[in-house]
Amino acid sequence: MLDLTFYKDKVVLVTGHTGFKGSWLCKILINAGAKVIGYALDAPTQPNLFALANIEKDMVSIIGDIRDYDKLKSVFEKYKPELVFHLAAQPIVRDSYKDPLYTYETNVIGTANVLECIRVISSVKSFLNITTDKVYKNNELSNHPFKEDEPLDGFDPYSNSKSCSELVTHSYKKSFFQDGRCAISTARAGNVIGGGDFGNDRIIPDCIRAVEQGKDIIVRNPNSTRPYQHVLEPLYCYLMIVEKQFKDIKYAGYYNVGPDDCDCLTTGELANSFCECYGDGAHWKSLNDNGPHEANFLKLDTTKIKSTFGWEPRWHMDTTMKMIIEWTKVYFKNEEEIPEIMDKQINDFFGGK
């Protein structure tokens, strides 16, 4: 299992640090005593968790485009990171239909740029590329959980670009790192939810915006099934993989990171859970907006990561939703308390409570 003391005084580069998952990851690393370097565009939303939690004051935050190889390389040369978490991406399916070229440039060329920096600068000993459960060729088979050895071929530009990001990582690993000087893995996570996500076209942020404005929650596809998990679940796994493969390269590989079957829910079920937990008359209605194709069914087989590391999910949906509502009500009441509620939830999760 994970030993957070491993990260004390380690120089860690996080790409995409201004995003939702990146902000939570940086907070965990800072709390663990790591020397955190972030490289990303400005936070993609207003408001955003990175600013609300004042994370920048405790790390080096560099604003830059992952497509800018020269600038990215200068960061590697200056700070010489030992560990790299690659989260920078264009992460929204619907946005990928609007601007597919930008999506491919960011998610594919961006990944190649990071790996090229690792190839030419020898400081990095452990690298993790965070992709998505949507990388798999999805034939919409009912109740079929994807395994790591199944074909990669995402349908939409976002999903496909992340499939390509995986393939770029596989190629670099086989072509340039067979000597073992840097352990390389990818992690394919399910749908991540938690306090501090303000993204567009995501169910929990949509719920929070609706209740804040006293409006109905609109659910586009209430029967779509997704593997939902609290943001701290995959972050725990990411930190564990980077630690373990640093210590022993035999752990480098390709891992699904997702919840147990009980937390593979329809969007309607998730909206019900939010409304019941939030109270105050929160309710939702279905309204299909005839948007572009999105997969109707996704589920991950997590046997590999469980058997390799003895990992099990800690927070199921009842706890996850309580934590989301707890965070949300602090946000509505007093934004200055957000760093404290993040620390509380991190301590609760990593303390196993």
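The values are calculated or read from the model by the stated rules, or taken from the named source; none is laboratory data. As the structure is a computational prediction, the values presented were derived from the model and not from experiment. For neighbour counting, all protein chains shown are included, and Cβ atoms are generated from backbone atoms with ideal geometry for every residue, glycine included.
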Next on the checklist: Checking the condition under 23 Å from VAL75 (Cβ atoms) and either modelled with pLDDT under 95 or assigned to a helix (DSSP H, G or I) (or both), which residue from LYS134, LYS173 passes?
Outcome noted: LYS173
Checklist entry - What are the residues in the range 217-233 that are closer than 19 Å to VAL93 by Cβ and either polar (S, T, N, Q) or part of a helix (DSSP H, G or I) (or both), if any? => result ASN221, ASN223, SER224, THR225, GLN229
Next on the checklist: Looking only at the range 13-54, how many residues end up being in a helix (DSSP H, G or I) and either within 13 Å of LEU235 (Cα to Cα) or free of Cβ contacts under 8 Å to residues at least 12 places away in the same chain (or both)?
Outcome noted: 11
Checklist entry - Could you list, in sequence order, the residues of the range 167-184 that are touching a helix residue (DSSP H, G or I) at 6+ places or on another chain (Cβ under 8 Å), surrounded by fewer than 22 Cβ atoms within 10 Å (Cβ to Cβ) and not hydrophobic (A, V, I, L, M, F, W, C)? => result TYR172, GLY180
Checklist outcome for this item: When (1) assigned to a helix (DSSP H, G or I); (2) at pLDDT below 95; (3) buried (at least 18 other Cβ atoms within 10 Å of the Cβ) are applied to ALA295, the one that fails is (1)
Next on the checklist: Against the condition among the hydrophobic types (A, V, I, L, M, F, W, C), in a helix (DSSP H, G or I) and in contact with a helix residue (DSSP H, G or I) (Cβ under 8 Å, 6 or more places away or on another chain), how does PHE85 come out, does it pass?
Outcome noted: no
Checklist entry - Which members of the range 218-244 meet the condition of being modelled with pLDDT under 95 and among the β-branched types (Val, Ile, Thr)? => result ILE218, VAL219, THR225
Checklist outcome for this item: Note on the range 65-81: residues in a loop (DSSP other than H, G, I, E, B), farther than 22 Å from SER126 by Cβ and more than 19 Å from the chain's Cα centre (by Cα) are ARG67, ASP68
Checklist entry - Which residue pairs have Cβ atoms closer than 8 Å, lie 6 or more positions apart in sequence or on different chains, and pair a first residue in the range 133-157 that is under 19 Å from THR103 (Cβ atoms) with a second residue that is aliphatic (A, V, I, L, M) and assigned to a helix (DSSP H, G or I)? => result LYS134/VAL93; LEU152/VAL135; LEU152/LEU167; GLY154/VAL135; ASP156/VAL93
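Yes or no, residue by residue, for (1) of a type outside the set (Gly, Ala, Ser); (2) within 30 Å of GLU326 (Cβ to Cβ):
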position: ASN129; (1), (2): yes, no
position: VAL135; (1), (2): yes, no
position: GLN178; (1), (2): yes, no
position: ARG181; (1), (2): yes, no
position: GLY194; (1), (2): no, yes
position: PHE198; (1), (2): yes, yes
position: ASP206; (1), (2): yes, yes
Next on the checklist: For the range 55-64: of the residues being in a strand (DSSP E or B) and within 23 Å of ILE341 (Cα to Cα), which is nearest to the chain's Cα centre (by Cα)?
Outcome noted: SER61
Checklist outcome for this item: Over the range 64-103, the set of residues more than 22 Å from THR45 (Cβ to Cβ), of a type in the set (Ser, Thr, Tyr) and in contact (Cβ under 8 Å) with a residue 24 or more places away in the chain is TYR69, TYR79
Next on the checklist: Out of everything in the range 198-216 that is assigned to a loop (DSSP other than H, G, I, E, B) and surrounded by 13 or more Cβ atoms within 10 Å (Cβ to Cβ), what residue ends up being modelled with the lowest pLDDT?
Outcome noted: ASP201
Checklist outcome for this item: Filtering the range 220-277 for residues that are buried (at least 24 other Cβ atoms within 10 Å of the Cβ) and more than 20 Å from LYS21 (Cβ to Cβ) leaves a count of 1
